[in-house]
Amino acid sequence: MLYSFYEANYHASTPLRLLARATRDVWQSPLNPIRETPLGRRIYASTDLFTNITRRYGRPDWGLDHVEIDGHSVPVTQTPAWESPWVRLTHFARDGVALRSAGKTAPQPTLLIVAPLSGHYATLLRDTVKTFLQDHEVYITEWSNARDVPVLEGRFDFHDYLDHVRDILRVLGPRAHVLAVCQPGPAVLAAAALMAEDEEASRPASMTFMGSPIDARFSPTVTNKLAEERPFSWFKSNMISTVPVPYPGMGRRVYPGFVQLYAFMSMNLDRHQDAHLQYLEDLMNGDGDSADKHLEFYDEYLSVLDLSEEFYLQTVDYVFQQYLLPKGELVHRGRTVRPDLVTDIALLTVEGENDDISGIGQTQAAHTLCSALPEDLKQDYVQPDVGHYGVFNGRRFREEIYPRVRDFIAKSQARLTA
């Protein structure tokens, strides 16, 4: 019922949205003689804001057709490298000739970025990908919107997710490097542990976890406390809905992206309200640059996807309620996951001092779990003055965090050929 009500509300507002869009276009037209008057700017700004906050946001474009490397513009092509109904592995292939012109003649480390499956599209990591493209052969997981996956394709749960990570690492070949941003941390660590135990040639050479809830018992945040305070049955009864027609996945039970978005926005509601009021003021004052920055952020932030019921509920249960991985109780396909058997996969953890999603210590817990890993293969870094998104995005990420991750991966790569 919740999903159907959401869809009905969207379609019911369509006439008002179309009227607002038409009004906005009239007051934006250069043929309107009073468009630059205070009244004209106010009407335009108000109708534009209404249009943007009521429209539907789809999957954003990557917008990465080139990357700057040492002052050279290197063309980038997005190429599907592997896919299943639930994920597409995208390779950001850089032009070889331009790359050599930029002085990058030696083979560079292969890096798999495992994007979160927590409500937003992988494009949320656009800045992350763009930065790593300077020194790495970058692949990223683009998880599917569950509402677009037909029911006939079957279930997709936490264990399927873990298997997908293993399959992708096998596709990339021996000793690639893997980086997990936020939510994927526990599954990626579990996948690496199983591959290490099996002595698979395709086990990663290094693993980097950024703001990940490896052990959510440390420094609990609002998100952690919500999961602890509510019984599992509450999440199943209140957070799950059925995909309506006409979506390809109609009939599938999902955790809707719009519910996740509401949860995220409610955590900082005043900040989002102030941002939209500032956007309105910028439009009325003719400050197009500031308004464009606002739109760029919210075009990404408001683009959300649905999670399958089983994946969402198992994540809540395994990661945020029972803490199975850090307690040594996570069982995958009949096997207990044992990070203590990891001996040759270098480990880097990165946390933000002000992270309000994954608190300090949650990611660092990976070091304790990988108890057999030599100390010279472990690194930990806490970035001052950044929150959750600052761990993988923004100036401090580019200038202070990325160089440390780059050097860590380079050192791990060199160890393979030593």
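Since every read-out is calculated from the coordinates, none of them should be taken as a lab result. Given the structure is predicted, the values throughout are model-derived calculations rather than measurements. Please note: Cβ atoms are built from the backbone with ideal geometry, for glycine as well, and neighbour counts cover all protein chains shown.
Below 8 Å, C-alpha to C-alpha, sequence gap of six or more: please give me the relative contact order for the chain in percent. Show your work: numbers first, answer last.
Details: 729 pairs, mean separation 77.5, N = 418.
It rounds to 19 percent for the chain.
Hey, what angle do you get for helix 269-284 against the long axis of the chain, alpha-carbon based, 0 to 90 degrees rounded to 10?
50 degrees
Which whole number in µm²/s is D for the stretch 1-96 by Stokes-Einstein, with the Kirkwood Rh taken over Cα pairs at 4 °C and 1.567 mPa s?
On the way: Rh = 17.7 Å.
D = 73 µm²/s.
Given LYS225/LYS378; LYS293/LYS327; LYS130/LYS411, which pairs have Cα atoms separated by over 32 Å? If you can, show how the numbers build up before the last one.
Values: LYS225/LYS378 30 Å; LYS293/LYS327 44 Å; LYS130/LYS411 21 Å.
Beyond 32 Å: LYS293/LYS327.
Given the rule -39500 (n - 2.57) for each run of at least 4 DSSP H residues, summed and divided by the residues of the chain, what is its mean residue ellipticity at 222 nm, to the nearest 500 deg cm²/dmol?
Counting only the DSSP helices, I get -12000 deg cm²/dmol.
For ASP167 and SER237, FRET efficiency with R0 = 30 Å and r from the beta-carbon atoms, rounded to 0.05?
Numbers: r = 33 Å, r/R0 = 1.11.
The computed FRET efficiency comes out at 0.35.
Tell me the Kirkwood radius of the stretch 270-309: reciprocal of the mean inverse pair distance over distinct alpha-carbon atoms, in Å. If you can, show how the numbers build up before the last one.
Details: mean 1/r = 0.0890 Å⁻¹.
For the stretch 270-309, inverting the mean 1/r across all distinct Cα pairs yields 11.2 Å.
Rounded to the nearest 5, what % of the DSSP beta bridges within the chain are antiparallel ones? Walk me through the intermediate numbers first.
On the way: 25 of 49 bridges.
That works out to approximately 50 percent antiparallel.
How many times 2.2 N^0.38 Å is the alpha carbon radius of gyration of the chain? Intermediate values should be presented prior to the final figure.
Numbers: Rg = 22.7 Å, N = 418, 2.2 N^0.38 = 21.8 Å.
Normalised Rg, Cα atoms only: 1.04.
Assigning unit charges at the beta carbon (Lys, Arg +1; Asp, Glu -1) and nothing else, what dipole magnitude in debye, to the nearest 20, does the chain show about its Cα centre? Before the final figure, lay out each step's value.
On the way: 41 positive and 55 negative charges, 128 e Å.
Taking the Cα centre of the chain as origin, the dipole is about 620 debye.
Å³ per residue of the Cα convex hull, for the stretch 187-334? If you can, show how the numbers build up before the last one.
Numbers: hull volume 28.6 nm³, N = 148.
Hull volume over Cα atoms, normalised by residue count, gives 194 Å³.
Put a dot 7 Å past each Cα toward the Cβ at ARG155 and THR417; how far apart are the dots in nm?
Rounded to a tenth, the inter-label distance reads 4.5 nm.
Considering the zone a paramagnetic label at ARG55 would reach in this model (a point 7 Å from Cα along the Cα-to-Cβ line), which residues of the stretch 1-32 have amide N under 16 Å from it?
11, 13-29
Starting from the Kirkwood radius over alpha-carbon pairs of the stretch 167-238, derive D by Stokes-Einstein at 10 °C in a medium of 1.306 mPa s and give it in µm² s⁻¹.
Values: Rh = 14.0 Å.
Stokes-Einstein gives a translational diffusion coefficient of 113 µm²/s.
Can you tell which of LEU49, LEU194, LEU313 shows the greatest fluctuation in a Gaussian network model of the chain with Cα springs below 10 Å?
LEU49
Hey, what angle do you get for helix 158-172 against the long axis of the chain, alpha-carbon based, 0 to 90 degrees rounded to 10?
Result, in degrees: 70.
LEU49: net charge of surrounding residues, Cβ under 13 Å, Lys/Arg +1, Asp/Glu -1, itself excluded? Could the numbers behind the result be given before it?
Values: positive: ARG17, ARG21, ARG24, ARG41, ARG42, ARG55; negative: ASP48, GLU281, ASP282.
Surrounding charge for LEU49 is +3.
Can you give the net charge of the other residues whose Cβ lies under 12 Å from the Cβ of PRO60, counting K and R as +1 and D and E as -1? Display every interim value, and only then the final one.
Numbers: positive: ARG59, ARG126; negative: ASP61, GLU142, GLU296, ASP299, GLU300.
That works out to -3.
Taking only Cα atoms of the stretch 113-160, what ratio of Rg to Rh do you get with Rh as the Kirkwood inverse-distance radius? Kindly include the intermediate steps, with their values, before the conclusion.
On the way: Rg = 13.4 Å, Rh = 12.5 Å.
Computed over Cα atoms, the ratio is 1.07.
Could you state the orientation-averaged shadow area of the convex hull built on the Cα atoms of the stretch 247-334, in nm² to one decimal? Present the calculation step by step, with values, prior to reporting the outcome.
Details: hull surface 36.2 nm².
Computed as one quarter of the Cα hull surface, the answer is 9.1 nm².
Restricting things to alpha carbons, tell me how big the stretch 1-53 is in terms of Rg and Dmax, in Å.
Expressed in Å, the Cα Rg and Dmax of the stretch 1-53 come to 14.2, 48.
With axes computed from alpha carbons, what is the tilt in degrees of helix 257-267 against the longest principal axis of the chain, rounded to the nearest 10 within 0 to 90?
So the inclination is approximately 90 degrees.
Suppose each label sits 7 Å from its Cα in the direction of the beta carbon; what would the ASP380-LEU18 distance come out to in nanometres?
So the label points at ASP380 and LEU18 sit 5.9 nm apart.
What does the extension gain come out to for GLU353 and ASP127, with contour length at 0.36 nm per residue minus their alpha carbon separation?
79.4 nm
If each residue of separation counts as 0.36 nm, what is the full-extension length gain between LYS327 and THR37 once their alpha-carbon separation is subtracted?
97.9 nm
Report the Stokes-Einstein translational diffusion coefficient (µm² s⁻¹, integer) for the stretch 248-402, Rh taken as the Kirkwood radius over Cα pairs, at 4 °C with viscosity 1.567 mPa s.
The estimated diffusion coefficient comes to 68 µm²/s.
What percent does the relative contact order of the stretch 250-309 come to when contacts are Cα pairs within less than 8 Å and at least six residues apart?
Details: 32 pairs, mean separation 39.2, N = 60.
Across the stretch 250-309, relative contact order equals 65 percent.
Using the eigenvalues of the Cα gyration tensor, what equivalent ellipsoid semi-axes result for the stretch 52-102 when each is taken as the square root of five times the eigenvalue, whole Å, largest first? Please list the in-between numbers first.
Details: eigenvalues 161, 66, 6 Å².
Result for the stretch 52-102: semi-axes of 28, 18, 5 Å.
How long, wide and thick is the stretch 47-178, going by the Cα atoms along their three principal axes, in whole angstroms, largest first?
47, 47, 18
What net charge is computed for the residues neighbouring HIS388, neighbours being all others with C-beta under 12 Å from the C-beta of HIS388, Lys and Arg scored +1, Asp and Glu -1? Numbers along the way, then the final one.
On the way: positive: none; negative: GLU351, GLU353, ASP355, ASP356.
So the environment of HIS388 carries a net charge of -4.
Would you please report the Å³ per residue occupied by the convex hull of the alpha carbon atoms in the stretch 317-401? Write down the numbers at each step before the final one.
On the way: hull volume 9.7 nm³, N = 85.
Output value, Cα hull per residue: 114 Å³.
Measuring from centroid to centroid over Cα atoms, what is the spacing of the stretch 114-193 and the stretch 312-354 in Å?
About 16 Å separates the Cα centre of the stretch 114-193 from the one of the stretch 312-354.
Roughly speaking, what is the stretch gain from VAL26 to PHE297, that is 0.36 nm per residue apart minus the C-alpha to C-alpha distance, in nm to one decimal?
Numbers: separation 271, 0.36 × 271 = 97.56 nm, distance 2.58 nm.
Computed gain between VAL26 and PHE297 is 95.0 nm.
With every atom except the alpha carbons ignored, what do you get for Rg and Dmax of the stretch 111-229, in angstroms?
That works out to 15.1, 44 Å for Rg and Dmax.
For the pair ARG230 and ASN268, what calculated FRET efficiency results from E = 1/(1 + (r/R0)^6), where r is the Cβ-Cβ distance and R0 = 22 Å, to the nearest 0.05?
On the way: r = 21 Å, r/R0 = 0.94.
That gives a FRET efficiency of 0.60.
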